[in-house]
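Trainee: Dropping the structure in here first, questions after.
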Amino acid sequence: VQRSLEAGDNPVGVSVLFTVSKMDAGPIVCQESVVIDENEQATTLLPKLFEMGTKNLLEVLPKVIDGEITMDTATVQDESRVVEAGMIDSSEGELFPAQMTAVECHNRVRGFSMWPGTYLYFRVGDKDEGKEPLVVKVIESKVLEEKAEPTNFIEIGPKKGGGLRLVCFDGSVLEMLKVQPATRSVMDAKSFVNGLQGQSVRWLDTSSEKQVEEAKLES
């Protein structure tokens with residue numbers, strides 16, 4: 001489910017299938033899909049899909065026990081349509097607006113809402129010297145339809161209840177509605193801005209540093 005949300009899949013769904021030695025490769029007994037809201041997160045979607053899967057299992061189980069549905073009558077999976085969903089690593093939680101679009105950032109926020117979460121590095125104030133970057137988790141977001149000139153400065157939207165606007169490299173805009181600075185509680189955009197006491201805030205591009213670290217690990 002987390003990888004499906006990260007990929008922007010819609011609709012999503014559940015399958016009831018027979019188990020075989022290969023993981024998730026057995027014949028399909030039944031399937032159900034559902035169209036979800038573009039802002040749905042794993043935190044809320046997983047319980048819904050669990051309930052849907054349980055309902056389907058209870059409906060088909062008597063037919064399996066009676067022999068009405070068997071391994072031979074179930075639908076064989078099309079191997080060509082299988083998409084591997086790799087294990088999620090905690091290091092994947094960082095967002096890289098210098099390389100990712102607003103949609104890609106938003107989908108990662110949605111997919112990783114339960115674990116490992118998503119975050120950015122902020123620079124608060126105009127002076128860089130002697131200040132450690134502030135790690136800020138992105139708890140809830142949405143993608144705006146408008147485009148903007150790429151910048152690393154973050155500002156709150158003009159409308160009441162607006163979020164922190166982050167402009168990605170392609171000009172797409174991610175609005176961060178709820179965030180959580182390190183050692184602080186979850187807060188809305190207005191509360192975060194009030195705490196800045198008039199100081200500016202920018203997101204930091206750490207993508208090149210990340211690439212260097214990965215290269216060292218591979219060497």
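The values are calculated or read from the model by the stated rules, or taken from the named source; none is laboratory data. None of these values were measured; they are calculated from a predicted model. Heads up, the Cβs are rebuilt from the backbone with ideal geometry, glycines too, and the neighbour counts pull from every protein chain shown. All accessible areas refer to the heavy atoms of the entire protein, side chains included, with ligands and DNA or RNA removed. Shrake-Rupley method; radii C 1.70, N 1.55, O 1.52, S 1.80 Å.
Trainee: Being among the small types (Gly, Ala, Ser) and free of Cβ contacts under 8 Å to residues at least 24 places away in the same chain is the filter; apply it to the range 181-203 and report the residue that is nearest to Lys160 (Cα to Cα).
Mentor: If we take residues in the range 181-203 being among the small types (Gly, Ala, Ser) and free of Cβ contacts under 8 Å to residues at least 24 places away in the same chain, then Ser191 is nearest to Lys160 (Cα to Cα).
Residues are listed down the side, and each one gets a yes or a no for (1) of a type in the set (D, E, K, R); (2) over 22 Å from Arg184 (Cβ atoms):
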{"position": "Asp72", "(1), (2)": "yes, yes"}
{"position": "Val76", "(1), (2)": "no, yes"}
{"position": "Val82", "(1), (2)": "no, yes"}
{"position": "Ile88", "(1), (2)": "no, yes"}
{"position": "Gly93", "(1), (2)": "no, no"}
{"position": "Ala98", "(1), (2)": "no, yes"}
{"position": "Arg108", "(1), (2)": "yes, no"}
{"position": "Thr118", "(1), (2)": "no, no"}
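Trainee: Among the residues of the range 99-143, write down those that are in a loop (DSSP other than H, G, I, E, B), surrounded by 19 or more Cβ atoms within 10 Å (Cβ to Cβ) and of a type in the set (Gly, Ala, Ser).
Mentor: Across the range 99-143, the qualifying residue is only Ser113.
Trainee: Could you list, in sequence order, all residues of the range 186-207 that are exposed (fewer than 15 other Cβ atoms within 10 Å of the Cβ) and β-branched (Val, Ile, Thr)?
Mentor: Matches in the range 186-207: Val186 only.
Trainee: Given the criteria more than 14 Å from the chain's Cα centre (by Cα), on the phi > 0 side of the Ramachandran plot and modelled with pLDDT of 95 or more, does Gly161 qualify?
Mentor: Answer is no for this residue.
Trainee: Could I ask something else about it? Quick test for you: out of Asp205, Asp170, pick the one residue that is at pLDDT below 95 and charged (D, E, K, R).
Mentor: Asp205
Trainee: Within the range 35-70, how many residues turn out to be of a type in the set (A, V, I, L, M, F, W, C) and exposed (fewer than 14 other Cβ atoms within 10 Å of the Cβ)?
Mentor: Of the residues in the range 35-70, 5 are of a type in the set (A, V, I, L, M, F, W, C) and exposed (fewer than 14 other Cβ atoms within 10 Å of the Cβ).
Trainee: Got a number for residues in the range 165-180 being free of Cβ contacts under 8 Å to residues at least 60 places away in the same chain, open to solvent by less than 40 Å² (accessible area, probe 1.4 Å) and under 17 Å from Ala98 (Cβ atoms)?
Mentor: Final tally of qualifying residues: 2.
Trainee: For the structure I just gave you, tell me whether Lys142 is over 17 Å from Asp205 (Cα atoms) and touching a residue at least 40 places away in the same chain (Cβ under 8 Å).
Mentor: Judged against the criteria, Lys142 is a match.
Trainee: Might you check whether a residue that is surrounded by 14 or more Cβ atoms within 10 Å (Cβ to Cβ) and out of contact with any strand residue (DSSP E or B) (no Cβ under 9 Å at 6 or more places or on another chain) occurs anywhere in the range 81-92?
Mentor: Yes, the range 81-92 contains a residue that is surrounded by 14 or more Cβ atoms within 10 Å (Cβ to Cβ) and out of contact with any strand residue (DSSP E or B) (no Cβ under 9 Å at 6 or more places or on another chain).
Trainee: Evaluate the following for Asn56: is it in a loop (DSSP other than H, G, I, E, B), modelled with pLDDT of 95 or more, in contact with a Ser or Thr (Cβ under 9 Å, 6 or more places away or on another chain) and not charged (D, E, K, R)?
Mentor: no
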